[in-house]
1. Explain nothing, just the number: dipole magnitude of the protein assembly as shown about its Cα centre with +1 on each Lys and Arg Cβ and -1 on each Asp and Glu Cβ, in debye rounded to the nearest 20.
2. Once you average over the residues of A:182-189, how many Cβ atoms of partner chains fall within 10 Å of each Cβ?
3. Could you sort the peptides B:144-152, A:144-152, C:209-217, B:289-297 by per-residue average Cβ neighbour count (10 Å cutoff), highest mean leading?
4. Towards the positive end of the charge dipole of region A:2-290, with charges on Cβ (+1 Lys, Arg; -1 Asp, Glu), say which of A:GLY273, A:ILE138, A:ASN219 has the farthest Cα.
5. Is there a quick way to get the dipole size of chain C? I mean about its Cα centre, with the Cβ of Lys and Arg at +1 and of Asp and Glu at -1; what is the value in debye to the nearest 20?
6. Taking each residue of B:103-112 in turn, how many C-beta atoms of other protein chains fall within 10 Å of its C-beta, and what is the average?
7. Once Lys and Arg get +1 and Asp and Glu get -1 on their Cβ, which of C:THR74, C:GLN115, C:THR219 lies farthest toward the positive end of the dipole of chain C?
8. Quick one: check the C-alpha center-to-center distance for region B:27-48 versus region B:280-296, whole angstrom.
Amino acid sequence: MKAIIRQELLALSRERLPLMLFTVFVSMISVSSLIGFLTKTTVSDVWIRTREAGLTSAPNPFASLSPLYYARNSIIYIILVGTLMAIIAGVSSALRDRKAATIDLILSRPTSRSAYIYGKLIGITIWLSLSLFLVGVIAAVVISIIFGAALPASDYARLAVFFLLALPLLSGFAVIGMFAGLLSKRETSALLLPISFWAFVTFVIPQIGTAARPVALLNPVPLPPTSGGPFGALNFFIGPFAVSEQFKVASGKILNDPDISGDFSKAIISILGFAVLTSFLISMVKRTSIRGVLSE
Amino acid sequence: MNKIFSVARMEILDIRRSKLMLSLLGFFLIAAIVSVVVASIDFGVKADAYKTYTDALAASGITNPATAPQLFPLHLMRAAIEYLEILGALFAIILGYAAIAKEKQRGTLSLLFTRPIGNFTLVLGKLGALALVWLAFVSIVVLATMLTAVIAGHAQLSATDVGRLLLTILGAWIYLLVWTAVAVSIASTSKKLTTALIVSIVLWLLVVLVIPQVGDTMDPDNQVPGGLFKSLQIAKPDETAVLANFTGYNSARDALEISSVTKHFERYTFAFLGIKDQYNQQPIGTVWAGVFINALALWLFAIGTLVISLFTTKPKTLLRTSK
Amino acid sequence: MKSLYVFTEKSICRLSVLSGTRPYCDTMNEFAIVTKDLTKSYKDVVALENLNLSVRQGEIFGLLGHNGAGKTTTVNLLTTLLVPTSGTVEIEGVDSSKSAKDIRKLIGYLPENVQLYNNMTTMENLRFFANLSGLKKPEARIKEVLDYLNFNSHYNKRIGTFSKGMRQRVGIAQAILHNPSVLFLDEPTSGLDPEGVRQLRDVIIRLNADLGVTIFMNTHLLSEVTKTCSSIGILKGGKLAYQNSMNSTLAEFPDQDSLEDIYLSIETAD
């Protein structure tokens, strides 16, 4: 198992595709903090102008914002880019041995199927944690620079918890990618199926539960479900499956965003449940399907 | 011409036989229909809430000052259009990619190019087939969602609405063509096919999701739930006056948004469907004048990407990169 | 009889639409394939250097060589898939640098490991390639060719269900549909079982005998060429190291074992 984990980490660090998405991920997280800063400065100025023009006397709603406000958009980039990166890592990992036909070399050694699968999964999870750690450090540094001073320790702790919470979300999606990589007959469908699944979870499921429109789902603040009619019940049943929406709720609370409403513990259960359930299900993949020939 | 037609027929046959492609398109259609049902129910809920409110007020002898929610049937299609904007673009990439990737993987390129066909026969046939598939697909989606709106949402369509829908179909068709052409070009020029797929998807991520999202976040008005100016109760002319001081920031934001073909598609369709208030229930001519620039941008994106795909999908590029 | 005329700079060839007749060019060239100083290089690697090769009409020519000797590059240059860095290729007197499209009307090609369109039937695959070769209503012709290859019972089956040998049969069919005068086969027996190899060899010999097609094949199997080819060439490191008719070669090296010896001595000599 140790050998498989080490092999997995080595391979992931040398493969181009996961690395490419990792670069996009890192740059989006850094840029997003910057954009948050620009926007906040502008909106504060807008408010100052408004007051100078005598149009309002309300206190500036942005003056007292926590520096964690700048991390708000990171939530969206974890959902959009991070999960996609995890999926690609999962698919490449599962396809690697099938493409090179090394799977028979591995399985003809005294390695059990579950040691093989979980070795890979642990390897990917370690890789994902390192990625998230790096991204988290970058985010913390950028935010401190924008804020102009070190943040209170509690804020750093909140950031750390936020990136830690991203791990089960990402590893859940990595497992979805592994499923497709282990079971698909073709390389193309191995990539397309989990990406379609991701699009379904991110854009379609929340729409059904909350009547929120797909583009509105790009907002880091989850929309509260429409009250009345069948939506309460629909959301009760469907909501937990919209893991990305649940992630917005949980991380919004962690980052102390005043605009967030929703059930924090339910959100945490949903995210952890997603990770645990997928990792359990992947142990059911049969030996014969792992060895299945890739065609076209 | 006959040879182009042969290539196109083969491509369509191939898509029709591919379970993966059919299930993707079918899944999209169902999601779009469901979204209209959801929007109809949502409207019903709001109408009921209004009635309860009015009744309660009437019981205490006050007439309701708020206007009743009004059903604009085309508004029910908003989520379906947004699906086209996000998932449609993704599927357009997948089909465009597959059209080229299949030939590379099967090793059929050398069979094609040792036959007396022109440099552009293959790409014209493929793009022609995909254009036809998208036209049929967009028409079916728009028609099906409209029917759902009429049945589930008890909506009534006017003759002008049909015109608006046709213009929407046209816009969506061009939008999908852009993404298909982009994927065809990337698949043709990439040395490794998986890289081509991922590069296309990263591009999709940036153009369809990230840029519009960044644009929205940068909008000062979006920083407060319900709108900054609304919450401060500032009238439109004053808002414009205040914002005049931030032209630099706003034009940067605008530049970012207009670099994304998705934003043009959104502005174009939202205007014709009346989702944007300013254009709601306006005659087609007025709307057209308002979004002419977006329509033009859509066309330019389409022409640009199609020309690029013509010149990148030549025998020389394809053979150099095959395997 | 329906005929198709191809006008080229040096000759007028009539490609018969019916099988059984050999394509006829009115200035019958002695050679079907001629290359002059044919060279192909990529950046700093020379894949093929000054190849001077000539294959007579009606021959079955076998090009031998180790992996990486330049065999596939040669076939790609001859079939117009690659453009030479320098030198010329003439097929039936047609210069590839001047009219590649005319050459494509004269040749048939079966690449190594071609998969064809898995979710299409034999008929659908062949109709497509026939159309691209300019045949308008090819159904009758396809049936004729499949009959000839004893394959008509698989007419309406999807290729995805076929064995490697069956696929190769469809591959041959697509290559001869349009009655080419030169047929190029790249490692035609690769991946076939012994039975498949024998059947394919029979087909190659029959095509050559019945239709008079010139056949150019690439292979690294020596046993293959001794059984099918009428002349051979050996490529080594991108250069032609040996070319002769099979009869002269066998006369020079009287048994198969020694043929292997000459192959090896050429291959290992510096």
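Values quoted throughout were computed directly from the atomic coordinates according to the rules given, and no laboratory measurement underlies them. All values reported here derive from a predicted model rather than from experimental measurement. As a convention, Cβ positions derive from the backbone with ideal geometry for all residues, glycine included, and neighbour counts pool all protein chains shown.
1. For the protein assembly as shown, the charge dipole is close to 980 debye.
2. Across the residues of A:182-189, the mean count of other-chain Cβ atoms within 10 Å is 3.
3. Highest mean packing first, the order is C:209-217, B:144-152, B:289-297, A:144-152.
4. A:GLY273
5. Charge dipole, chain C, about its Cα centre: 1380 debye, nearest 20.
6. For peptide B:103-112, the averaged partner shielding equals 6.
7. C:GLN115
8. Here the answer is 26 Å between Cα centres.
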